[in-house]
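Working notes, beginning with the structure itself.
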């Protein structure tokens, strides 16, 4: 890991730690933007479940719209905005699946009800009625009664491997501070300022 990438990740951890202390709702919430093979964009909120030198991790149903997008076009952008600290971080990069062991470990940490919900939901597919979803949930409750809820084969983690990390802070007269770290073609990193 280069010194500049280490610096960018340390800055992310610092602002993320402040947000975790002050954000009233969900400090791990982040907007995930993907595009399908035709370039049609889509954005939604996911929860960050890990960040280190390897990248930024979230989990989802691989059959969902975002999962299909990532199969066709394995690149994504993340946009964090924490109202409590009034700062934003953007991350862009390629996306790779996390290992099966990592997915299993995170799955084992989830509440049982959330695991059952992952089995019940055919995420992003049309739903005839809420009753249908509730019935599927009850079916899986019976199916796994008295035992562990295994991880579905279509449920996994994804890691956004950063190629660009931008930090934004407000400035006087809308002269906001924008500081960008970007991977170079040679594999190193550079840091530069952007106009607001």
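The values are calculated or read from the model by the stated rules, or taken from the named source; none is laboratory data. Computed from a predicted model, the values in this text were never measured in an experiment. Reconstructed Cβ throughout: ideal geometry from the backbone, glycine too, with neighbour counts over all protein chains shown.
Output the helices (runs of 4 or more DSSP H) that fall wholly within the stretch 86-196 and possess 1 or more residues being in contact with a strand residue (DSSP E or B) (Cβ under 8 Å, 6 or more places away or on another chain) and without any contact (Cβ under 8 Å) to a residue 60 or more places away in the chain, or say none.
Helices (runs of 4 or more DSSP H) meeting the threshold: 100-109, 112-120.
Consider residue 122 carefully, then state whether it is out of contact with any helix residue (DSSP H, G or I) (no Cβ under 7 Å at 6 or more places or on another chain), modelled with pLDDT under 95 and surrounded by 10 or more Cβ atoms within 10 Å (Cβ to Cβ).
It is true that residue 122 is out of contact with any helix residue (DSSP H, G or I) (no Cβ under 7 Å at 6 or more places or on another chain), modelled with pLDDT under 95 and surrounded by 10 or more Cβ atoms within 10 Å (Cβ to Cβ).
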